[in-house]
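Presented below is the structure to which this report refers.
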Amino acid sequence: MNWTRYLRTWEFALVVLLVVEILILGMINPTFLNAENLLYATLDFTHILFAALPLTLVIITAGIDISSVSVMGLASITLGLAWVAGINIFVALAIALLVGIIAGLFNGFFVAKTDVNPLVITLGTLFMFAGIAQGMPALLDLLGFKAYGSAGLAAYQYEGITGLPDSFIGLSEATVWIIPYPFIAVLIFAVILSLLLHKTRFGRYLYLIGVNPKAAVYSGVPVQKTLIWAYVLSGFGAALAGSYLTAYFTSARADLGGDALLPIITAVVLGGADILGGSGTIWGTLLAGLVLGFLRQGLLAIGVTNDLIQVVMGAVLVTAMAVKQLMNVYGEYRLNRKALANKERG
Amino acid sequence: MRIWENAMKSADSANANKPPGNVMLELRNVWKVFAGVPVLKGINFTLAEGEIHALLGGNGSGKSTTMKIISGAYQLDDGEIRLYGKPVKLDSPKVAHDAGIYMVPQEPHVFPHLSVLENLGIGLDFSPAELRTRVEPLLESLGFHADLEEEAAFLSIAQQQLLEIVRGLLRNARVLIFDEPTSALTFRETEQLFERMRRLAAQGIGLIFISHRLGEVMEIADRVSVLRDGVMVLDEPVGNITPHDLVRAMLPESSDNVTGEEKRERLEPGEVVLEVENLHSEAFSDASFKLRAGEVLGLAGLVGSGRTELSEAIVGIDKHAHGLVKIGGTALNNRSPSICQQHGLVYVPEDRHAHGIFLDLPSVYTITAGILDRLGKWFLSSEAERSIGERFVDAMNIKLTSIWQIAGTLSGGNQQKVVLAKALAGEPRVVILDEPTRGIDASARQDVYRLIRELTRQGVAILLISSELEEVVDLSDRVLVMYRGRLTEELTGDDINLERVTEASFGLTAEVPA
Amino acid sequence: MKKFLRSREALITGLLILLILFTGLFNSNIFKFNSITEIFNASLTLVLISLGEMFVIFTRGIDVSVGATTGLAAVILGTTLNLGWPIEWAISAAIVTGILAGMVNAVGITFLRVPPIIMTLGTLGIYRGLMRIITGGSWIENLPQSIKEPNLWKFAGIPFYVWLTLLVIAITAWITLKYKPARYFYAVGDNEQGAYILGIPVRLTLFAAYTLAGFFAALAAVVFTSQIGFVSMNAADGFELKAIAANVLGGVSLTGGIGTPLGAAIGALFMTAVHSMLIFLGVPGIWDNAFAGVILLTVVYIDYHVRSALELQRRQARIRGDASLKGGES
């Protein structure tokens, strides 16, 4: 295989974009050229990466999961309430992740067993999971867990659950050499997902389903099982994101991650996944997530307001897609011209 | 070839002494390229007033593309179209309609949730009342009976086709294109359609008739053209040619036997590997048969007779069918394609693009789609995948630059071979082939026939479903004929000939169920 | 009539009535005239947004920026009013803003060929950001009385805006049923390829659908601002998702080509009514979302089974129809 092949991939373009971006930001503010600062900056958007990476798998199947932003809050409040109930914080973390998996199972079953548009299903669960997350403290009170404080668990409704142990909170800040734990977790997660996607049967099934679901059925691909697993992974990633945010903000809240939908989907789409299914890579999503995350950090650093950043992010998403579409049209046009030019010889 | 000779006679009488009218439509040196692959390579074509001009060719030959260019759905890449001698640019179907060109497509464009009346009038500027007054006589003359207020989703295929014809007539079309209009029609419906076509021609309308049925072409057309691989290889008045000329024009190698080989001697049939007993669904009933190792069982019948539905029921794609299916002696009640595959039965579907191939992915991904569990326990070995892929590419003579070439950029014949490779990769004992040669060129066809023979030599049992009756006759050891959802006849030995199979397919020999 | 009884509109209306009756078992105050009109009054913003979204969904598209468009239009309305513009000019400015916002989506989707979900997700961010940039992030308060006044008007005991919305629904319903180009929305969603072949201006139809979504979102902004009396920075936040849910509830299928304005409006009324019911039942508002989600999922699940059964029936009918046609030859 010729190595120049890699120079023409979308991932390589993203690497170039990332480097150029960091250099430009570095010219404006030299602190950006410090690796430690850069790595530290990732803490601000690690949750986006946790959720976006497995969402790539779902989007490859031509599906979508917009409920992940609610699963974040659900996982967070679960973690907090379990801890308040006296459960060891790491067991609580495991419960929170399990809740994410169950949420994913619910989505996955619904998507796999019916022909209802995944957008509608996860829109429904987006409301449902958010509602459960908001209502859970009060529900536990109703169920007789009144023992915790005079106002009951419902007191945690609005201010969130704080005072989580340092052993947990510290995870979000600890580093190996200069690399933060959460970023290491992102890399491990990306490696696992990438192996799953590109090296296993399951991963191949995802592409086959995304390109031609009917042919997948006719070829004996276990379509339903594969879809369920994809949504389970998405739920798990969202729970990971919610748990991370809990540690990062040192508070468990039902509404964590509510505004993350736009950056999550932007990362996946900018990473090269086609919203219509059949294409996308984990490394593309990771790189796109970093490009977007640093862009945000850089704009903040040079004094751009959060509001304007939101406008920029939206514009980046739309422009990237428009350019991609127009390049496709142009690519085909060129190919056809070439074939016509060769017609005398052909 | 009796049907052709009959057709010849009627063609002679129908076309006798008919002077050609003025040339209304002319295509000059037209090119069309898709994704870098030329589909039309400089074709010429003319249509005169009152003429019925047939266009023949396999599905990959470019005839549908030609018609889409004439009807404005596609734009040509080079060359020109002239209407009454003047160059025109048909930028969109709307422009073509305004120029008096309308295509009755093979797959009618139906809006399932709009009413029949709205379906008829869509894109036209009539008020509902005006539309109704215009539509009703047309419906009457075409014998189209349907509730105009009902949702169009309930129309049958034949009614949908009539709907398209009415749309063309409402637009006062001067050029009407019929894209394989008879493929889903019965004998009588076909006759009625031909009668209507003759009447339209008598009014000076030019008709382009696309078909792959030679008998029909000889019967209805004044002039016939043949496209092969994007090149016009024949263009003659019908009186000047014989059906054999047409066959020769379509096949590069001239051969009277479709499969190019003498009938092979029968092998001793092996054990029963597929047993179907009393299988029924809403599309067919009481299907029972046995298939033995090393046997080719042909399943003949018209489009819509229930053949495809039967095979989909056997492999468990249609879950609503009831009855007994035994594969290799094991009764399987809850079937799915993957369960059937595990028991050694694979199905190669009729619609290659919709159900067979993964167009946007490397070709090898399609080949290995059913056997990924053999490419390693945990991780897929790209080495193993490559060796399997290359083995099939060699064995089946698939033409591609590398096994990683995107399947969508292969020619139709090679795509079909890739789909066949996928089915065979699992080393099945029973293969159901549904229209395995539809729309592929002659040499790919020969490869498919060779493959079928090779498989039976290895003891694989084959259920061959095909509308090409010659193919069924030449390849099968035994032939079942399906007519209106029933297996009406079983032919063996010398009874397997074109006449018997044709008659049975049209229900002429079997008793017709009430 | 029989057709109506089997329709989604009937199903959802029935469910709504059941819900009201059930609530009434526990709290009969809900049967009071004022309670009922209040439920209607509270649903108007969502009804209007949903009507706009409906056109987009007809064409098999999706617009997740409508909530942000409402917010942006409301900001323009509030800002211009506080600048001292006459109310007609301010309202016109808000409406133009909505139309422009819809046209931006339309350009991206029809000309640049960006998939609708991506395009409108992008503009969701852009419009929300613009809202805050225009106001500097603070709420718009102290609006002139002229904008708040209409909210107090009543005719026959029913608030002016309820009448207005009913009128809008009626006009929309009449147009989608009788005005031919409006049928193009259905045709494009039903069979885009066929629509193009038959000479329907597909791109123009798509363009109109997204523009209408923006227009209705702006209309909602006017009602919303007038009712609330101020513009917060999270005005109409999340309404895009609620509008989609309302449409799906009301039988406007995301697969395109199906649905009616009445269905979309009742769906939106239902979404809002759930909130009011919970208040009457004394359930804390935090359960709103959970109920909305469960109801949406239940309805689409039931609908899936109904459709499957209907599809089977249709298939059988078609095969029988073919058989009887073929029977004619013998």
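The values are calculated or read from the model by the stated rules, or taken from the named source; none is laboratory data. All values derive from a computational prediction rather than experimental measurement. Because the Cβ atoms are built from the backbone with ideal geometry, glycine has one as well, and the counts that use them run over all protein chains shown. For the accessible areas, the whole protein counts, side chains as well, though only heavy atoms, and no ligand, DNA or RNA atoms are used. Shrake-Rupley method; radii C 1.70, N 1.55, O 1.52, S 1.80 Å.
Computed values, structure above
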item: Filter result for the condition that a residue is closer than 22 Å to C:Ile62 by Cβ, in a loop (DSSP other than H, G, I, E, B), touching a Phe, Trp or Tyr at 6+ places or on another chain (Cβ under 7 Å) and of a type in the set (Val, Ile, Thr), over A:Val116, A:Val111; result: A:Val116
item: The one condition in (1) modelled with pLDDT of 95 or more; (2) in contact with a helix residue (DSSP H, G or I) (Cβ under 7 Å, 6 or more places away or on another chain) that A:Leu187 fails to fulfil; result: (2)
item: Residue check for C:Thr298: in the same structural domain as C:Asp190 (by TED's automatic domain parsing), open to solvent by 10 Å² or more (accessible area, probe 1.4 Å), on the phi < 0 side of the Ramachandran plot and of a type in the set (Ser, Thr, Tyr); result: no
item: Cβ pairs under 9 Å, 6+ apart, first in the range B:117-134 and under 10 Å from B:Arg167 (Cα atoms) and among the β-branched types (Val, Ile, Thr), second open to solvent by 30 Å² or more (accessible area, probe 1.4 Å) and at pLDDT 90 or above; result: B:Ile122/C:Tyr184
item: Index of the failed condition, C:Arg203 passing every other in (1) at pLDDT 90 or above; (2) open to solvent by 10 Å² or more (accessible area, probe 1.4 Å); (3) more than 22 Å from B:Arg167 (Cβ to Cβ); result: (3)
item: Per-region count, the range B:145-178, residues more than 10 Å from chain C (Cβ to nearest Cβ), open to solvent by 10 Å² or more (accessible area, probe 1.4 Å) and in a strand (DSSP E or B); result: 0
item: Residue check for A:Thr61: under 30 Å from C:Ala309 (Cα atoms), of a type in the set (S, T, N, Q), modelled with pLDDT of 95 or more and buried (at least 20 other Cβ atoms within 10 Å of the Cβ); result: yes
item: Positions within the range B:84-116 being assigned to a helix (DSSP H, G or I), open to solvent by less than 40 Å² (accessible area, probe 1.4 Å) and within 11 Å of another protein chain (Cβ to nearest Cβ), in sequence order; result: B:Pro93, B:Ala96, B:His97
item: Among residues of the range B:364-400, those that are hydroxyl-bearing (Ser, Thr, Tyr) and in contact with a helix residue (DSSP H, G or I) (Cβ under 8 Å, 6 or more places away or on another chain), counted; result: 3
item: Count - residues of the range C:177-199 that are at positive phi and in contact (Cβ under 8 Å) with a residue 12 or more places away in the chain; result: 0
item: In the range A:65-95, the residues that are open to solvent by 10 Å² or more (accessible area, probe 1.4 Å) and either acidic (Asp, Glu) or not in a helix (DSSP H, G or I) (or both); result: A:Ala85, A:Gly86, A:Ile87, A:Asn88
item: Among the residues listed as B:Arg196, B:Arg171, B:Arg188, the single one being within 21 Å of the chain's Cα centre (by Cα) and not small (Gly, Ala, Ser); result: B:Arg188
item: When residues of the range C:188-208 are limited to those that are assigned to a helix (DSSP H, G or I) and among the hydrophobic types (A, V, I, L, M, F, W, C), the one farthest from C:Phe55 (Cα to Cα); result: C:Ile197
item: Some residue of the range C:135-143 being open to solvent by less than 30 Å² (accessible area, probe 1.4 Å), in a loop (DSSP other than H, G, I, E, B) and either within 14 Å of chain A (Cβ to nearest Cβ) or in contact with a strand residue (DSSP E or B) (Cβ under 7 Å, 6 or more places away or on another chain) (or both); result: no
item: Within the range C:189-225, tally of residues that are away from chain B (no Cβ under 12 Å) and not hydrophobic (A, V, I, L, M, F, W, C); result: 4
item: Residue match in the range A:284-306 (condition: outside any loop (DSSP other than H, G, I, E, B), crowded, with 21+ Cβ neighbours inside 10 Å and outside the structural domain of A:Ile24 (by TED's automatic domain parsing)); result: no
item: Considering residues of the range C:228-248 that are touching a residue at least 60 places away in the same chain (Cβ under 8 Å) and away from chain A (no Cβ under 13 Å) only, the residue most open to solvent (accessible area, probe 1.4 Å); result: C:Phe230
item: Residue in the range C:255-277 that is nearest to the other protein chains (Cβ to nearest Cβ), counting only those that are assigned to a loop (DSSP other than H, G, I, E, B) and open to solvent by 20 Å² or more (accessible area, probe 1.4 Å); result: C:Ile258
item: Per-region count, the range B:30-68, residues of a type outside the set (Val, Ile, Thr), open to solvent by 20 Å² or more (accessible area, probe 1.4 Å), at pLDDT 85 or above and closer than 27 Å to B:Arg198 by Cβ; result: 4
item: Some residue of the range A:225-240 being within 14 Å of chain B (Cβ to nearest Cβ) and either over 14 Å from the mean Cα position of the chain (by Cα) or open to solvent by 40 Å² or more (accessible area, probe 1.4 Å) (or both); result: yes
item: Qualifying residue in the range C:40-54 (condition: assigned to a loop (DSSP other than H, G, I, E, B) and modelled with pLDDT under 95); result: no
item: Among (1) within 16 Å of C:Asp237 (Cβ to Cβ); (2) out of contact with any Ser or Thr (no Cβ under 7 Å at 6 or more places or on another chain); (3) at the interface with chain A (Cβ under 7 Å from one of its Cβ atoms) - the single one C:Leu124 does not satisfy; result: (2)
item: Per-region count, the range B:302-336, residues facing another protein chain (nearest Cβ under 8 Å) and surrounded by fewer than 22 Cβ atoms within 10 Å (Cβ to Cβ); result: 3
item: Per-region count, the range A:157-183, residues open to solvent by 50 Å² or more (accessible area, probe 1.4 Å) and either on the phi > 0 side of the Ramachandran plot or within 17 Å of the chain's Cα centre (by Cα) (or both); result: 2
item: Lone qualifier among C:Thr110, C:Thr97, C:Thr69 - being assigned by TED's automatic domain parsing to the domain that holds C:Ile200, in contact with a helix residue (DSSP H, G or I) (Cβ under 7 Å, 6 or more places away or on another chain) and modelled with pLDDT under 95; result: C:Thr110
item: Residue list for the range A:311-331, restricted to those being facing chain C (nearest Cβ under 7 Å) and in contact (Cβ under 8 Å) with a residue 24 or more places away in the chain; result: A:Met313, A:Gly314, A:Leu317, A:Met321
